[in-house]
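The values are calculated or read from the model by the stated rules, or taken from the named source; none is laboratory data. Every value quoted in this text rests on a predicted model; they were computed, and no experiment measured them. No Cβ is skipped: glycine too gets one built from the backbone with ideal geometry, and neighbour counts run over all protein chains shown.
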Amino acid sequence: MPDSTDNRVQAFQWELLPDLSELLNRLGRHSFRGWPESTDELRTELEALRIDPESDIALLGSPGRICGYALTLTELDVDRVVTALATTDDCSGDAGKLLDFAIGRARSANVSAVHIAIRGVAVEPMEKLVESGFERVASNLELTLVREDGGQIKDTRLADGFTIRPMRSLAEGLLLTQVQNRVFEGHWGFSKNTPEEILARLELPVTGPEHVLFAESPEGDIAGYMWTALEWHQDHTCGKIWMTGVVPEFRSLGLGRALVNAGVKHLLSEGAADVHLEVVEDNVAAVRIYEKAGFKSHGKITWYEKRV
Ligand SMILES: CC(C)(COP(=O)(O)OP(=O)(O)OC[C@H]1O[C@@H](n2cnc3c(N)ncnc32)[C@H](O)[C@@H]1OP(=O)(O)O)[C@@H](O)C(=O)NCCC(=O)NCCS
């Protein structure tokens, strides 16, 4: 591991956005979420998050050279700060300075925990976290379905009177907020969304209302939903299952499987070459649905926690 250097942590400023974008592209896939390739899309994503980038993002480096970052999301309702954090290999010796930034954000927000995700099985960052008092608390599987396998999915028969329909317009944003908050209530790491956050997400082209499906009960209640995303890269279109679930009183009726199959079909019809998602490793019902649909596991994201 490189020795600690005189790299310093500085607050993010908007004029450093191109440097941050360049760093994120250089780092590739890491932590718990992906970032768009272009600077403009990164700006849009940062603006849609519930953060103040100038206080919640720290950059590591020396003048004119940024080699690491930490981004903190404070979630008061679940009493935690979630952190995306990474450095280039030559600056990994200074990752502790970014960890200190994240811990400081948690202390100033007066929450009890900092959560950090490590993608893959990179031993060095895990050791560094453990040395800094972090403990493993959860694991997510990364699953992928390739187009050829997705094409095999048959139409799913729905329980009597239930239907699956597309979201009609942004006007159903409140409905989507209520359903998402009910479906994930009590789930590890889920922080309730406000209608404004859901609307901001729906206004992004990758996760717009045309990518949301609702399952409706015979009485017209929303029984579940499937929120997909499409990302257009230079060489291929990538589909994502962004959020999905069935409200508790409608579970075990086959709606989860029907929504997943309908979501995959939607993404393939939009030209997705493959479909990606993340699922909590011990979510037996969800893992079963995805595996039956043909998804294969290709990676893991491990969450670490430090009480502060
Ligand atoms: C996961 C979830 C979507 C499943 O929806 P559902 O409508 O209850 O699932 P289905 O009725 O379609 O059942 C699908 C499969 O899971 C199995 N299953 C359902 N509930 C289960 C449970 N509690 N434990 C184990 N297996 C279960 C069913 O037997 C079925 O498998 P089979 O066809 O091989 O018999 C639902 O439980 C949910 O919304 N959970 C909370 C949100 C969530 O976890 N979303 C997924 C995040 S990626």
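The table below lists the values:
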{"quantity": "Filter pass, Arg307 being over 17 Å from Asn140 (Cβ atoms) and either within 16 Å of the ligand (Cβ to nearest atom) or surrounded by fewer than 21 Cβ atoms within 10 Å (Cβ to Cβ) (or both)", "calculated": "yes"}
{"quantity": "Within region 163-185, considering residues that are crowded, with 18+ Cβ neighbours inside 10 Å and touching a residue at least 60 places away in the same chain (Cβ under 8 Å), the one farthest from the chain's Cα centre (by Cα)", "calculated": "Ile164"}
{"quantity": "Subset of region 250-281 that is surrounded by fewer than 17 Cβ atoms within 10 Å (Cβ to Cβ) and without any contact (Cβ under 8 Å) to a residue 60 or more places away in the chain - its residue that is farthest from the ligand (Cβ to nearest atom)", "calculated": "Gly271"}
{"quantity": "Yes/no for Leu59 being in contact (Cβ under 8 Å) with a residue 40 or more places away in the chain and under 30 Å from Pro205 (Cβ atoms)", "calculated": "yes"}
{"quantity": "Checking Trp242 against (1) among the aromatic types (Phe, Trp, Tyr); (2) within 9 Å of the ligand (Cβ to nearest atom); (3) surrounded by fewer than 20 Cβ atoms within 10 Å (Cβ to Cβ), the condition it does not meet", "calculated": "(2)"}
{"quantity": "Residues of region 1-45 satisfying the condition of being at pLDDT 90 or above, touching a strand residue (DSSP E or B) at 6+ places or on another chain (Cβ under 8 Å) and more than 30 Å from His236 (Cα to Cα)", "calculated": "Asn7, Arg8, Val9, Gln10, Ala11, Phe12"}
{"quantity": "Residues that are over 17 Å from the mean Cα position of the chain (by Cα), modelled with pLDDT of 95 or more and within 18 Å of Gly256 (Cβ to Cβ), drawn from region 186-217", "calculated": "Leu213, Phe214, Ala215, Glu216, Ser217"}
{"quantity": "Residue check, Arg65 within 17 Å of Ala11 (Cβ to Cβ) and among the basic types (Lys, Arg)", "calculated": "yes"}
{"quantity": "Subset of region 286-304 (residues that are farther than 16 Å from Ser139 by Cα and either of a type in the set (A, V, I, L, M) or out of contact with any Asp or Glu (no Cβ under 9 Å at 6 or more places or on another chain) (or both))", "calculated": "Arg288, Ile289, Tyr290, Glu291, Lys292, Ala293"}
{"quantity": "Val287 vs. criteria assigned to a helix (DSSP H, G or I), surrounded by 15 or more Cβ atoms within 10 Å (Cβ to Cβ) and touching a residue at least 24 places away in the same chain (Cβ under 8 Å)", "calculated": "yes"}
{"quantity": "Leading residue by the ranking (nearest to Trp232 (Cα to Cα)) among those in region 282-294 that are among the small types (Gly, Ala, Ser) and within 7 Å of the ligand (Cβ to nearest atom)", "calculated": "Ala286"}
{"quantity": "Hits in region 226-268 (condition: among the acidic types (Asp, Glu) and under 18 Å from the mean Cα position of the chain (by Cα))", "calculated": "Glu231"}
